[in-house]
Amino acid sequence: MTSLSEPALALGAVTVVIAVVALLLALLCRKHVRRGRKMEAALKSSEARRLGMEAAVRSSEARVQSAEAGRLGAESRADDVEARAGRFRDEVSHLVAVRLPALALHLISSHHPVPGLLHKDAAEPEDVELLDSVLTLVSGIVVKERRRVDAAARAALRGASQDSQALSYRLQTELDALQKEFTGSRSLTHKVLTADHLNEQNLRLIQRTAIVCGAWPGHVRKDTYVTEIVTGASSRLRGFERVKINSRLGASDIGIVGRAAEPVAVACTELMANALEHSRDDLAVDVSLIKTGNGSVCITIDDAGKGMTPEAVARGARLISAEQQEVMLTELGDPPSQGFAAIGRLVADHGFHVSIDNPSPYGGVRAVVTIPPNLLTSIDEEAAPPSVMAPQPPMAPRAEMRPTPDADAADDAAGASRPRTPAPGTAAELPQRRRRVHAAPTGEVAAPTHRAPDPERSRDAWSDFQKGLESGQNGTDLEETQ
C-alpha cells in the first residue's frame, strides 16, 4: 500500500499542481482577457476621441471658411452697394444736367427728345421708378407754371392789342374821311393812300395778336360778297399787286354772313401773307374762287415758293385744325409765328375749314379755305352793288346776232332817244360801273367771229378818264390856293 500510495500521492500532487497551474493559467487568461478588453475599450475610446477631434477640426475649418465667406460676402455687398450708389449718383447728375433741360425743350416743342437713363441695363427698378417720378413731377410743375405765365402774358397782350386796335380803327376812319372829303395834289393823295395802307398792315398785325390771345377779331361786318372779302384781304398786305384773283363762282351775288365775314377775311389774309413771304418778289400768287357741288365755296391760294417740309406741314395742320389744344405763346417760336394759330382759333370758333397739306401745282403750297353753305348767303346786287375792284365771274362768250330789219329799227329808235354824250373834260364823262345783263338770244345765231382790239378806242377812253380826273383835281386845287 505504501508503494502504491507514493505514486498515487505523486500523481495526486501532479494533478494538484496541474490543477493549480490550470487555475493559474485560467486566471492569467482571464486577466489577459480583461486587459485586452480594457485595451480594446481604450482603443475605441481613443478612436472616438480622434474622430471627435477630427470633427471638431472640420467644424472649426467650416466655421473659418464660413467666416471667410461672410467676410468676402460683406466685402462684395459693400462693393455692390458702393457701385449702386455710384450709378445712382451718375443717374441723378445725368437727370439734372441733361434730362431735365431736355424735358423743358420737349414741353415747348415735341420734336426735342428726352434722353433715357445713363445705365439703363444696370439700373434697379426702384431707382428707375424714382427717377421717372421726378421727371413726371417736374413736368407737371413746369407745365402748370408755364400755363400761368402764358395766361398772364395773353391777358396783357390782349388788353394792349385791343387798345391799339381801337386806335388803328379810328385812324382808318379818319383816313377814309380824308380821302372822301379832301382831294389834294397827286403826290398828297398818294401819301394819304400810302398812310392808309400802312395803317391796314399795322392793324392786321395787331388783330392777329389779339386773336391768338383769345380776343374776337374786333370788327363787325354786314353780309359781304365773297369776292370783296378776298380782294379786301389782299389789300391788307405789302406786295398785294402780286396777288392775282380769279373768280369762277358762276354768280356774283354770293356772300358770306356777317358773323363769319371778318374771320374768313383774316384767314385769307394770313394765308396770302404766308404765300407772299415764302415766294420770290417776282412770282405771283394765284387765288381762285369756285363753288363746289355741295354748295360750299372754296378759296384756293397757290404760290410758287419752295414749299414746306413734312414736319412743318404737320405742325401747321395741327395749328389750323378745329381740334387744336390751346397753344402757348412760347410754342410759336421767337419771334412768334402767329398766323396759323390765329387761323386755328377762328376755324374752331366759326366753323369753316382750312387745309394746307396739298402741294401747289407750281411747286409751292396750296392753301384751301372751304366755306360751308351755312355761312353763305345771297346779297341783292341792286340794294348793295359789289365793289368795282372785286373780280367778276367770267362770262360765257355770246355769239353775235344776225341783224334783222326789226332790230335795226329798234336800234335807230334807241339811238334817237339816247342822250348826247357830254363834252370832253367834264366829270360826267368818268367811267361808271354798269350791271351786266345777259340778253336772251333770239333769232338765228351766226357763227362767232373774232373782233380785233381797237387801240384808238382804248386810247380815247383812257384819255377821257384822265381829263375828267384832272378837271376834278384842278378845281379843288384852285379852291386850296385861294
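Descriptive notes on the structure:
- Percent of alpha-carbon pairs separated by more than 22 Å within the range 125-236: 56
- Dmax and Rg, reported as Rg then Dmax, of the range 221-394 (C-alpha, Å): 15.7, 50
- Across Lys191/Lys291; Lys191/Lys244; Lys244/Lys291, pairs whose alpha-carbon gap is larger than 30 Å: Lys191/Lys291
- Dimensions (Å) - the range 37-123, Cα atoms, principal axes, largest first: 100, 16, 10
- FRET efficiency for Arg89 and Asp176, using Cβ-Cβ distance with R0 set to 56 Å, rounded to 0.05: 0.20
- Unit Cα scatterers, Debye sum, the range 242-302: log10 I(q)/I(0) for q = 0.11, 0.15, 0.22 Å⁻¹: -0.28, -0.52, -0.97
Only the coordinates and a few stated rules stand behind these numbers; no lab work does. This structure is a prediction, so every number in the text was calculated from the model and none was measured. Heads up, the Cβs are rebuilt from the backbone with ideal geometry, glycines too, and the neighbour counts pull from every protein chain shown.
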